[in-house]
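The values are calculated or read from the model by the stated rules, or taken from the named source; none is laboratory data. Keep in mind the model is a prediction, meaning the values are calculated, not measured. Every residue, glycine among them, receives a Cβ derived from its backbone with ideal geometry; neighbour counts consider all protein chains shown. These area figures cover heavy atoms from the full protein model, side chains too; ligands, DNA and RNA do not enter into them. Shrake-Rupley method; radii C 1.70, N 1.55, O 1.52, S 1.80 Å.
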Amino acid sequence: MGPVIIESNLLEKPTSRLQDVGFFVLGASSMIISMKPEATTEQIEHVCEKIRSYGYIPHPIYGETRTVIGAVGSGNNRAALQALEGAPGVESVVAIRQPFKLVGRELKPQKSTIRVGEVVLGSHQFVVIAGPCSVESREQIVATARAVRAAGATILRGGAYKPRTSPYDFQGLEEEGLKLLAEARETTGMRVCTEVMTPEQVELVERYTDILQVGARNMQNFALLKRLGKAAKPVLLKRGLSATIKEFLMSAEYIVSQGNPQVILCERGIRTFETMTRNTLDIAAVPLLNEISHLPVVVDPSHATGKRSLVAPMAKAAVAAGADGLIVEVHPNPEEAWSDGAQSLTFQEFELVMEGVKKYLPLEQKHL
Ligand code: PEP
Ligand code: MN
């Protein structure tokens, strides 16, 4: 075979363009080291040690039949990693092609599951997170928790720190809101999901919540993502308003690479030219994310449409697209909601959404 001729304009941007045309290997340095099924613990530890010494971080994944080790990082010693092919217990060494190393299926083909109390995201269980946009009062949050739980939701949502487009809009009850969420958790037994906006807030919010939510506006707040990588609780990461799937997964990679593997991806609509809906639900993102990432994926039909009447059909679409769950806004009296009233469902409307969803779940081998 003759030499491969690469057009000079492709060489100008070696990492991006070459990857686009399939020349992954030149730009890639993170590798997957597959151990033989009979490899010993000592051999695995030896390979991990070598990986560290070359300036990479080893991420062992212990499968049922064998261990694979991701050598991930900005080290520049691909040849040394490749040479591990000759180390005892090693079966093969191959490059990870995608820029998202740890959250991609190349390194970890099997789906990840994330446990939140009794609930397991990424399993046959379809997990519904529901509640108001903002926590407003004890009565509001407790009544909503009871209603959504009775309808089949297992996790309560409610914002205490609100990222609002206008500085004059309600900004959330802050710690008082967290306390009310904790009370609702106590009285109903439901687990809780609430947003955290800054790295400094993580410690406090983590004390009250079961899932730490990153809002769309903060998807690329890298300081926040890094801090959440040190948190002990699962993170629900919302897709940015105009983020590509690759950017979305790179944000998830920030969290996982800092040590927290528990990331739930949330498709919540993206900004397009359309003005009749608040956002455009990128429903194809759901099966695509499932193809290329092992992380659980949930859909937010409330923010994706901004319109109450569209929540039920989009919730069913999410099931059909293979989502692992939903996050839905529900309010005792949406007309008087302090935020996002137009997309919030009444208790009765939420019950109808759940009725619809339940009919579709068996088709996808899922259940509540
Ligand atoms: C929310 O969940 O209330 C919220 C602010 O969502 P997003 O970040 O997706 O806009
Ligand atoms: Mn909202």
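Straight-line reach from residue 246: taking Cα to Cα under 17 Å and skipping same-chain neighbours fewer than 8 places apart, the aspartates and glutamates in range are 20, 106, 267, 282, 291.
The share of accessible area on region 27-95 that comes from carbon and sulfur is 50 percent, using a 1.4 angstrom probe. Given q = 0.12 Å⁻¹, what are the Debye log10 I(q)/I(0) values for region 155-267, with equal point scatterers placed on the Cα positions and solvent ignored? Results for region 155-267 at q = 0.12 Å⁻¹ read -0.39. Note on region 226-368: the alpha carbon radius of gyration divided by the globular reference 2.2 N^0.38 Å gives 1.07. Exposure here means at most 13 other Cβ atoms within 10 Å; with GluC sites (Glu not before Pro) in a DSSP loop as sites, the longest stretch of the chain lacking them is 119-273. What does the charge add up to near residue 225, with Lys and Arg as +1, Asp and Glu as -1, over the other residues with Cβ less than 15 Å from its Cβ? Neighbourhood net charge equals +2. Ordering 268, 191, 52 by accessible surface, largest first, gives 52, 191, 268; the 1.4 Å probe counts only protein heavy atoms, with every chain in place.
Local charge for residue 330 was computed over the other residues whose Cβ lies under 14 Å away, with Lys and Arg +1 and Asp and Glu -1, and equals -4. Before anything else, pin down the relative contact order of region 113-364: Cα pairs under 8 Å, at least 6 apart, normalised by residue count, whole percent. Averaging sequence separation for qualifying contacts and normalising by length gives 19 percent for region 113-364. Taken over region 27-95, the alpha-carbon convex hull comes to 67 cubic angstrom per residue.
Please list the non-local residues whose amide H lies under 5 Å from the amide H of residue 192, H modeled 1.01 Å from N, same-chain partners needing a gap of 5 or more. Here the answer is 156, 210, 211, since their amide H atoms fall under 5 Å of that of residue 192. The largest accessible area among 248, 347 belongs to the first residue in 347, 248, and the rest follow in falling order (1.4 Å probe, all chains). Solvent-accessible surface of the chain, averaged per residue with a 1.4 angstrom probe and all protein chains in place: 45 square angstrom.
Measuring nothing but how far apart in sequence close Cα pairs (under 8 Å, 6+ apart) lie, relative to its length, region 121-267 scores a relative contact order of 17 percent.
Residues 165, 277 ordered from highest to lowest accessible area at a 1.4 Å probe: 165, 277. Between amide H atoms placed 1.01 Å from N, distances below 5 Å from residue 263 occur with 235, all of them 5 or more places distant or on a separate chain. Legend: distances between Cα atoms for 111/358; 111/238; 233/307; 179/230; 238/316; pairs beyond 25 Å are 233/307. Counting charges near residue 118 (Lys, Arg +1; Asp, Glu -1) among other residues having Cβ under 15 Å from its Cβ returns a value of +3. The equivalent ellipsoid that matches the C-alpha gyration tensor of region 113-364 spans semi-axes of 22, 22, 18 angstrom, in descending order. Looking at the square roots a ≥ b ≥ c of the eigenvalues of the Cα gyration tensor of region 246-302, which shape do they give, rounded for a/c under 1.5, prolate if a/b is larger than b/c, or oblate? Prolate.
Of all beta bridges that DSSP places with both ends in the chain, some 40 percent have antiparallel geometry.
Using a probe of 1.4 Å, the accessible surface attributed to residue 105 totals some 60 Å² when neighbouring protein chains are kept in position.
Per-residue ellipticity at 222 nm computed for the chain from its helices equals -10000 deg cm²/dmol, with DSSP H segments shorter than 4 residues left out and the rest contributing -39,500 (n - 2.57).
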